[in-house]
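Visitor: The following block contains the structure, expressed as structure tokens.
Quick note: the coordinates plus some simple rules give every number you see, no bench work behind them. Computed from a predicted model, the values in this text were never measured in an experiment. Ideal geometry is used to build each Cβ from the backbone, glycine not excepted, and the neighbour counts take in all protein chains shown.
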Amino acid sequence: MPKRKEIPEENWDKIRSQAITKQIMGRGIADERVLNAFQEIPRHLILPPQIPKELAYADRPLPIGYGQTISQPYIVAYMTEKLDLQGNELVLEVGTGSGYQTAILSKLAKEVLSVELIPELAEMARINLKRLKISNAELKIGDGNEGWMENAPYDRIIITACVSDIPKSLMAQLNAPGKLIAPVGNDNRQKLILYEKKPNPPNPPILDIRELLPVMFVPMRTKADLEKMVAKEEE
Ligand code: SAH
């Protein structure tokens with residue numbers, strides 16, 4: 001097979017800004033800060049080596065190994081815009097994957113903490129974030145269903161794997177005021193849902209729930225699922 005011609009590094013800025021214009025601005029995302037964050041993060045440097053580089057800015061999710069995917073750029077932008085970050089928030093992400101969404105969030109919030117179940121993916125994300133010189137993101141290997149108790153409450157929570165319901169401990173770790181976005185549903189039908197916790201003293205906070213787009217995310221796993229997956233691979 002002929003060797004693929006490498007795309008020179010200086011061409012990527014243009015490829016990326018064309019993708020942003022078409023896929024993200026073209027679908028109605030106008031928040032300047034979100035658009036700038038997309039321009040700042042080189043998605044082509046985040047993909048695992050087995051993915052052809054020319055797919056980096058394609059309008060689709062891409063496989064990152066272990067049956068997981070990096071989300072389509074538009075969906076990352078959409079979820080990020082809905083989180084309405086001003087720059088002073090503590091954010092919890094569940095499902096670090098490649099670290100792409102983590103990197104975008106790190107440009108828009110004060111600090112991002114991210115939990116990933118699969119150690120190899122957490123390691124890949126750690127290398128990616130280090131290469132991008134991102135210093136306000138911290139990663140942990142663990143079950144995101146439990147959140148990251150030690151640093152709660154979070155001003156924003158983003159879940160990037162599909163849940164059938166928001167895990168109780170995650171909702172409990174959301175600050176009031178605070179926002180949580182997640183794909184909710186099953187293998188056939190999912191919707192992005194935005195939850196907004198509003199303080200209501202002297203009563204408990206009010207939870208506002210808004211259904212957004214239909215989407216398709218990989219399912220959130222449990223520790224037991226992971227052990228089964230590993231056992232199967234070792235058979
Ligand atoms: N945000 C990622 C894409 C995530 S895909 C990116 O930008 O690349 C969903 C991720 O959730 C996968 O990496 C998967 O391993 C992880 N995941 C699944 N179940 C989880 C759990 N219980 N806790 C933490 N991470 C989980």
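Visitor: If I take every Cα pair under 8 Å that is 6 or more residues apart in the range 100-162, average their sequence separation and divide by the length, what percent do I get for the relative contact order?
Guide: Reported relative contact order: 37 percent.
Visitor: Can you compute the charge dipole magnitude of the chain about its Cα centre, using +1 on each Lys and Arg Cβ and -1 on each Asp and Glu Cβ, nothing else charged? Give it in debye, rounded to the nearest 20.
Guide: 560
Visitor: Which angle between 0 and 90 degrees, to the nearest 10, do you get for helix 119-131 versus the longest principal axis of the chain when only C-alpha atoms count?
Guide: Result, in degrees: 70.
Visitor: Here's another thing I want to ask about it. Could you grab the relative contact order for the chain? Cα pairs under 8 Å, six or more apart, rounded to a whole percent.
Guide: 13
Visitor: What spacing in nm lies between the two simple spin-label points modelled at Leu207 and Ile141, each 7 Å away from Cα in the Cβ direction?
Guide: 3.2
Visitor: May I pose another question? Assign unit charges at the C-beta atoms only (+1 for Lys and Arg, -1 for Asp and Glu), then state the dipole size of the range 122-235 relative to its Cα centre in Debye, rounded to the nearest 20.
Guide: Magnitude of the dipole: close to 460 debye.
Visitor: Continuing with this model, one more query. Hey, which lysines would be in cross-link range of Lys198, C-alpha to C-alpha under 22 Å, not counting anything within fewer than 8 residues on its own chain?
Guide: Excluding near neighbours in sequence, the set is Lys82, Lys110, Lys168, Lys179.
Visitor: Right, something else. By how many nm would the segment from Ala172 to Thr222 grow when fully extended, if each residue of separation counts as 0.36 nm and the alpha-carbon distance is taken off?
Guide: Working it through step by step, the gained length comes to 16.1 nm.
Visitor: Normalise the Cα radius of gyration of the chain by 2.2 N^0.38 Å (N = residues in it) and let me know the number.
Guide: 1.01
Visitor: List Ile206, Ile15 from most exposed to least, where exposure is judged by having the fewest other Cβ atoms within 10 Å. Spell out each step's value before the answer.
Guide: Details: Ile206 11, Ile15 16.
Least to most surrounded, the residues fall as Ile206, Ile15.
Visitor: Continuing with this model, one more query. Output the relative contact order of the range 1-123, whole-number percent, from Cα pairs under 8 angstrom with separation of 6+ residues.
Guide: 21
Visitor: Continuing with this model, one more query. Enter the Cα centre distance for the pair the range 1-75 and the range 133-150, rounded to the nearest angstrom.
Guide: 24
Visitor: Across the range 108-235, how large is the tail of the calculated P(r) beyond 23 Å, expressed as a percent of all Cα pairs? The partial results should precede the final answer.
Guide: Values: 3300 of 8128 pairs.
Percentage above 23 Å: 41.
Visitor: Share of antiparallel DSSP beta bridges in the range 129-205, in percent to the nearest 5?
Guide: About 65 percent, rounded to the nearest 5.
Visitor: Report, in deg cm²/dmol and to the nearest 500, the calculated mean residue ellipticity at 222 nm for the chain, where each DSSP H run with n ≥ 4 adds -39500 (n - 2.57) and the sum is divided by the residue count.
Guide: That comes out to -8000 deg cm²/dmol.
Visitor: In addition: In degrees from 0 to 90, rounded to the nearest 10, what is the angle of the helix 223-234 Cα long axis to the longest principal axis of the chain?
Guide: Once rounded, the angle reads 30 degrees.
Visitor: A further question on this structure: What is the spin-label model distance, in nm, from Ala231 to Glu32 if the labels are put 7 Å beyond Cα along the C-beta direction?
Guide: A separation of 5.6 nm, rounded to one decimal place.
Visitor: At 0.36 nm per residue, and after removing the present C-alpha to C-alpha distance, how many nm does the segment from Glu54 to Gln86 gain when stretched out fully?
Guide: Result for the pair: 8.3 nm of gain on full extension.
Visitor: Which one, Pro61, Pro119, Thr160, projects farthest toward the positive side of the charge dipole computed for the chain from Cβ point charges (K/R +1, D/E -1)?
Guide: Pro61
Visitor: Residue separation times 0.36 nm, minus the C-alpha to C-alpha distance between Gln18 and Gln39: what's the value?
Guide: 6.5 nm
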